[in-house]
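> Quick one: the structure is below, questions incoming.
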Amino acid sequence: MAPTAPARRPAPARRTAPAGHPAPAGRSPRRFRPALVTALLSATALVTACAGPPRTDGTGQAGIQLSASTPPAAGPIDSFTWATYAEPPTLDYTQAFDYPQNTVLANVCESLMRWTPQLTLAPGLAEKASNPDPTTWVYDLRSGVHFHDGTVMTADDVVYSLGRQMNPDNAAAWAQVFQNVESVTRSGPLQVTVKLKQSDSQFPQYMATAAGVVAARAGVEAAGKDYGTSGGLDCTGPFKLGSWAKGQSIELQRFDDYWGTKAKAGKAVFRFLTDPSARTNSMLSGEVDGGYLIPTESYDRLRKSGVGTLYFGEGLSTVNVNVTSTQGPLGDLRVRQALSLALDRSGFVRTGLAGAGTVTGSLTTRAAWAGAPDDVRKAAFEHLTPTAQDIDRARELVKEAGAGGRTLTIATSTIGQDVSLLATAVQAAGARIGLDVQLRTIAPNAFTALFTDPKAREGLDMFPETYYDSVTDPLDLLANFRTGAYQNFAGHSDKAYDDLVDQAVAEYDPAKRAAVEARLQQTASEQLLWIPVAEWPTALFLNKRITGAPTTISYLYYPWAADVGAAR
């Protein structure tokens, strides 16, 4: 559920920081609401219902050209090397909620459904998904799919793999996706049936993320507690896990028995380069061939280098200030409003995002609403958080709240200037309106802990987060403010909001669901549950050796490295 910072970053999100991103089970059950769709749905129908916005090249408000893709590879290549900003703490798919894990894992482990480079839903390990009634999803599996250990995938492996997500002992990051699942059973040698407690429009969408990954039961059980940190992963992807030099790199090797189109590269090597300058220099020198999450301070340098091409694509990402505690001054809405009004969003986009972004008062991206009716989309973006600075009004709010001179603490990190400069911008905003905002530096490799460990957030009031949507549905982000949700770190609880989330989840009709989500967006904005700052596209650099990687944020769940090959 981003890094430079996650969904999500994290980015179920986002996204630096993890984004997207599901939450632990144990939340109160949803009230049942009959779905309108009861007919059998083929995978084609599912794509129509859950498809993301159409992707066409275009120039955004920031003047950044969004590319739908990079040129297809001209042929195979022996290997390529990729830069990542941090080492994955594990490659266990149940914990794959952040950029470092998913960037690697998407090429090794596959899900029942697949997120395409166009951010639409397509068949994955399941060749068909059917919805015979509102509380039943049936997945018909592909035949002859081999795991990396040579065994053939069966329905039993699927039942086991999804069961690991639901097992409370595993504390899965994606457990929230399964909170409405009654059972997962084998209904045939190559068929799995999921029974829901009630209608759930989100569950079938998340089967294209790490929540829907299938691994070989025998391999997972043999690895035991070491699964994801050593040895093989026993999945089905176009690459299999090779060597893992802790603190340095991960090597993936082409899986020649892959059921789909074989990877063009024989090997993909991921190097962990936590220092932004080191990442950039490695690309300029040819030490690595490319990377996602390019440091914003390097955009211009890479553009002008002549050694490769800097691309931008749809990111489904918003940069926000995550409010992690309301025990102090931020418990007063007026203080949150004051900080938001004092924040120089335009200055941050210009410097922190190197101009490659758009100021926003919305927590969700406009692209996430592309499938909604025009009137619903308009309602979702009316009267949101003001984005223009108003220092005088901000000072008045601080005075009204009696918060003058109070201290707030925000996390910062050297992950990239999008994180460090946003933290500094918040500090500067506080200083102008009578608040004492202190910075606490978090190491790049420790930033992810802010999303998983309450102790890591102790003493913090907020931190910069780039949240990425894991599905093209605004609820991916908006559900974070439901009581008990994974990223509801500040403990917000509002029964009316919870009821709206339940309504949206239970509604299979995309247009009707979007209308409910528009009300959620308005409420989240009125309460300023996070402070929205900017929309931010995905950045990708490829040198002249390679091409083929998708430009969109699909790389988190799509086997993108298999498309990378020789540029000429």
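The values are calculated or read from the model by the stated rules, or taken from the named source; none is laboratory data. Since this is a predicted model, take the numbers as computed values, not measurements. Heavy atoms of the whole protein, side chains included, go into the accessibility calculation; ligands, DNA and RNA do not. Shrake-Rupley method; radii C 1.70, N 1.55, O 1.52, S 1.80 Å.
> So which of K225/K262; K128/K195; K240/K267; K267/K544 end up more than 21 Å apart by C-alpha?
Numbers: K225/K262 31 Å; K128/K195 16 Å; K240/K267 10 Å; K267/K544 18 Å.
Where the Cα-Cα span goes over 21 Å, the pairs concerned are K225/K262.
> Could you work out the helix-only [θ] at 222 nm for the chain, with each DSSP H run of four or more residues adding -39,500 (n - 2.57) and the total divided by the number of residues, to the nearest 500 deg cm²/dmol?
Details: 16 runs with 142 residues, N = 568.
My calculation for the chain gives -7000 deg cm²/dmol from helical runs alone.
> Let me ask you something else. So who's got an amide H within less than 5 Å of the one on S201, skipping anything under 5 residues away but keeping other chains? H placed 1.01 Å off N, in plane.
A506, E507
> Rolling a 1.4 angstrom probe over the protein heavy atoms, how many square angstrom per residue are accessible across the stretch 203-273?
Working: 2590 Å² over 71 residues.
With the other protein chains kept in place, the stretch 203-273 gives 36 Å² per residue.
> Kindly sort R186, R279 by accessible area of their heavy atoms, largest first, with the probe set to 1.4 Å. Don't jump to the answer; show the numbers that get you there.
Details: R186 125, R279 5 Å².
Most to least solvent-accessible, the answer reads R186, R279.
> How much accessible area does E251 have with a 1.4 Å probe, in Å² rounded to the nearest 10?
Roll a 1.4 Å probe over it and E251 shows about 40 Å².
> What is the Cα centroid distance between the stretch 239-262 and the stretch 518-552, reported in whole angstrom?
28 Å
> Now for a separate question. Give me the aspartates and glutamates in straight-line cross-link reach of K512: C-alpha distance below 19 Å, same-chain residues under 8 apart excluded.
By straight Cα distance, K512 reaches D133, D200, D374, D375, E382, D473, D476, D498, D499, D502.
> Using only the alpha carbons of the stretch 274-389, determine the length spanned along each of the three principal axes and report them from longest to shortest in whole angstroms.
Computed over the Cα atoms, the extents are 49, 40, 23 Å.
> What Kirkwood Rh does the chain have if only Cα atoms enter the pairwise 1/r average? Answer in Å.
Values: mean 1/r = 0.0430 Å⁻¹.
Evaluated over the chain, this radius sits at 23.3 Å.
> Moving on to the next point. Over the chain, what percent of the accessible surface lies on carbon and sulfur atoms, probe 1.4 Å?
Values: 9540 of 19410 Å².
With neighbouring chains kept in place, the figure for the chain is 49 percent.
> Something else about it: At 1.4 Å probe radius, can you tell me the per residue accessible area of the stretch 409-568 in Å²?
Numbers: 4550 Å² over 160 residues.
Per residue, the stretch 409-568 has 28 Å² of solvent-accessible surface.
> What list of ³J(HN,Hα) values in whole Hz, one per residue of the stretch 524-541 in order, does the Karplus curve 6.51 cos²θ - 1.76 cosθ + 1.60 (θ = phi - 60°) give from phi, with Gly and Pro shown as x?
Once rounded to whole Hz, the list reads 4, 6, 4, 8, 6, 5, 10, 9, x, 10, 7, 8, 9, x, 6, 10, 9, 10.
> If you average the alpha carbon positions of the stretch 133-152 and of the stretch 379-414, how far apart do those two centres end up, in angstrom?
First find each Cα centre; the distance between them is then 50 Å.
> Provide the per-residue ³J(HN,Hα) series for the stretch 270-281, in order, calculated from phi with Karplus coefficients 6.51, -1.76, 1.60 and θ = phi - 60°, each as a whole number of Hz, with x at glycine and proline positions.
Calculated HN-Hα couplings, in order: 9, 9, 8, 10, 6, 8, x, 5, 5, 4, 5, 4 Hz.
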